[in-house]
């Protein structure tokens, strides 16, 4: 555990999956030494007793003569009864994984209720984010709302746009035909600190406001059919949350008509977590997280965009010259290398599997290229997971590190042909004063010491 | 919470996601009554103040005049600050979901260490099983093994089959190129009680020894290439676990050569859970769970099947006439309806989305048919999730219940053309004395009372 690693702005050792950097180095060296001795011993024994394969089994296994002279050297877990089946009914990660946490960035926000916790991307595998590590962004804290009392109302901005306004209980919603789909959700402000060239130390803090889950729920189109929505006039949808901040968001009707938008109660096989909007949230694939209204209590259909506070004052992009761009919501194609990444330490020259995540709010990832020389040369990475639309895609590339400084980058392309921009390209359009929608190519500097640092190439 | 529902052999109310049957009925009735009043009130207000959309928002929302006369009626979560971002770093399910648990079947085994806990399939959505609800089957209890001390050894049954035996630390394994794939794991004894026509009450107990995760790890083929395995002679692989039961299992080399078998450290984005073999387990897609050796410490390559205890005394199929069939390991095509399922209660006539899971150890699911009249007529269900090989597939079918008794069944077909058998078909080959590999069509009886019961059609 390194309690300091929750503090941004300094280069710190990695929150690794179960060891800090010095721990890994120690095991690495023990492993090298131990392996030689162990193999020598194991195979001396094996030569003497080919018919006794247990002798090959593990450090401290019983000798081939069947005697128990060194059975006491076996680790406890190889000798006796372990723990019973989990009786409190819900399992937890290993005690060796307590360092894998979502972390708040102290000082980033003024209260812990209107704050952020970042997902530990550097410690995650594949594309699913465990719900216990899903990033959080609350505007007024989270609640554990009693689902038996929760309702969803659907109405129109006037009484003709929605012919039969309805109120649904959770039980009524859960009886309807459901879909289950894997999608990423990314906060529009993810990687926001980087606009100002603040080199946040780890990818948890640079990119940790993204997560990916299998969401389950009812297509909004299904509910609109039940309520008799006039699609000709009703071109915009307002989602409203039941928490104190009463988050409201406009979603264009095209997204609903495509069948992609749904009201979700399930996440990764179980009910949504309270921090993620239990018992009901809006899922708007490809669109920034703030539109995925949590604690969803009402949906209104109207004939124009609602222009609510968080679509006009916040979550808009400040452009060169001080003008604001009209509300942007699609999360453009983006990627980040999570291993090696800022705060991690390469222990030795040699082989590494460079691995990371790519995503696009416009569809599937088509290709990811990786550079180890700051973008002069690129190689195409392998895509290692099922290739799903508006979902994270895991990529990897084999790399032999020669021990010299290296600038590693990833560049994603989506199926529309859009290519993730460099900072130079992004700033040419957006300047440096933005907060939201930074999808520039991330650069990690691998130093000769093996320590990895967040840098921006000018 | 219904503490009794962990007890098999009696028909009990459903362990629903957040309410028991009487709770659901109450909410259902409240919802019907409340909706009428609420919509009437809401729209009276709306008519008076079209410009004040907040007046439409939710029961007890402020009146359109902006006064706070009924703001006190708002639920607490709509009035104030909620909980801060999760500071212990790892989130938990809602307190309203404590009834969604894996459950042990008391008396099924003699100790809680060599026992089973079943996943609550009736409460799960989509295809991912949350790791905290993944079924457990331990032969000698579970351990939380220190990954910095754990090793994986690869050797041959003689010193020519594997040219360069090696011992890997976890760190060394995690530096190698990894794959991430979604696969189901099913215990060979899943649905075993049903052989004897014991009508276990819920699908948690009939089918709950299956789960599905995104696993991450290193293809065994990659490790074998590093160790110089002679594929001509080495046609069988033995996996050995580090826990007290030293589970050993033979895997045919064809499965390794296909690239499908891997040594996994990741599950659903994070490290494996201790109950599931932390820090390392073998993943053998399509093959019964006992071959997915947990706490994996050694892999041996040999030229013949090992015929270990659990491949000869246990996990073999007892055939008519008392003979045993040679070791079977592929989990054949199977499905089960999870909603409605045993122990649940249909509250009213009308629309239901019949939903369930299908899987095959031989590849992708091609089609699932559903019958509501005990197999006389079938309709083809929708497949609702990404269609992945050797992975769960969620299906659903629209159904209007007329209030009369109904026998509901699902029948899966996989891409090889194999069709899930009826009990009659299965018993014609296997008789009634087996324990393992029961993949027969499951029947749930929906009674006129709405209560759902496990029955077997002769």
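Quick note: the coordinates plus some simple rules give every number you see, no bench work behind them. Model, not experiment: these values are computed from the prediction. Here Cβ is always computed from backbone atoms with ideal geometry, including for glycine, and neighbour counts include all displayed protein chains.
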Task: Inter-label distance for residue B:432 and residue B:73, nm, one decimal - labels placed 7 Å from Cα along Cα-to-Cβ - done: 6.2 nm
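Let's test the formula: R0 of 25 Å, r as the Cβ-Cβ distance of residue A:419 and residue A:158. What FRET efficiency results, to the nearest 0.05? Don't jump to the answer; show the numbers that get you there.
Details: r = 44 Å, r/R0 = 1.76.
Efficiency for this residue pair is about 0.05.
Inside 10 Å of the C-beta atoms of A:394-402, what's the mean count of C-beta atoms belonging to other chains?
Numbers: counts 5, 0, 4, 1, 2, 0, 0, 0, 0.
Mean number of neighbouring Cβ atoms from other chains: 1.
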TODO: Could you line up A:224, A:262 from fewest to most neighbouring Cβ atoms inside 10 Å?
DONE: A:224, A:262
Task: Inter-chain Cβ neighbour average for residues B:148-160, partner chain, 10 Å - done: 4
Open item on the list: Going 7 Å from Cα along the Cα-Cβ axis for the label, what nanometre distances separate residue B:400 from the same residue across the other copies?
Closed with: 6.9
Open item on the list: I need the inter-copy label distances for residue A:109: point set 7 Å along Cα to C-beta, values in nm with one decimal, smallest first.
Closed with: 4.4
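When each pair of different Cα atoms in the range B:291-351 is counted once in the 1/r mean, what is the Kirkwood radius in angstroms, to one decimal? List each step's numbers first, then the result.
Details: mean 1/r = 0.0609 Å⁻¹.
This gives a value of 16.4 Å.
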Task: Which of A:273, A:235, A:394 has the fewest Cβ neighbours within 10 Å, and the rest in rising order - done: A:235, A:273, A:394
Task: Nitroxide proxy distance, nm - points 7 Å out along Cα→Cβ at residue A:330 and residue A:362 - done: 0.5 nm
Task: Inter-copy separations for residue B:312, label at 7 Å along Cα-Cβ, nm, ascending - done: 8.0
Open item on the list: If you take every DSSP beta bridge fully contained in the range B:367-413, what fraction is antiparallel? Give it as a percent rounded to 5.
Closed with: 90 percent
- [ ] Would you mind ranking A:236, A:395 by Cβ crowding within 10 Å, fewest neighbours first?
- [x] A:236, A:395
TODO: Of the DSSP beta bridges with both residues in the range B:334-455, give the percent that are antiparallel, rounding to the nearest 5.
DONE: 95 percent
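What does the C-alpha gyration tensor say about the overall shape of the range A:334-455? Classify as rounded when a/c is under 1.5, otherwise prolate if a/b is larger than b/c, or oblate. Working shown, then result.
On the way: a/c = 2.11, a/b = 1.32, b/c = 1.61.
Taking the square roots of the gyration eigenvalues as a ≥ b ≥ c, the range A:334-455 is oblate.
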Open item on the list: If I model a spin label as a point 7 Å beyond the Cα along the Cα-Cβ vector, how far apart are those points for residue A:351 and residue B:323 in nm?
Closed with: 4.7 nm
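Need one word for the range B:105-144: rounded, prolate or oblate. Basis is the Cα gyration tensor (sqrt eigenvalues a ≥ b ≥ c); a/c below 1.5 gives rounded, then a/b vs b/c decides. Write down the numbers at each step before the final one.
On the way: a/c = 4.07, a/b = 1.72, b/c = 2.36.
It is oblate, given that a/c is not under 1.5 and a/b is not larger than b/c.
Let me confirm one metric for peptide A:271-282, namely the mean number of other chain beta-carbon atoms within 10 Å of its residues' beta-carbons.
Details: counts 11, 3, 6, 10, 7, 1, 0, 6, 5, 0, 0, 0.
Across the residues of A:271-282, the mean count of other-chain Cβ atoms within 10 Å is 4.
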Open item on the list: Just want to confirm a number: the relative contact order over the range B:334-455, from Cα pairs under 8 angstrom separated by 6+ residues, in percent.
Closed with: 33 percent
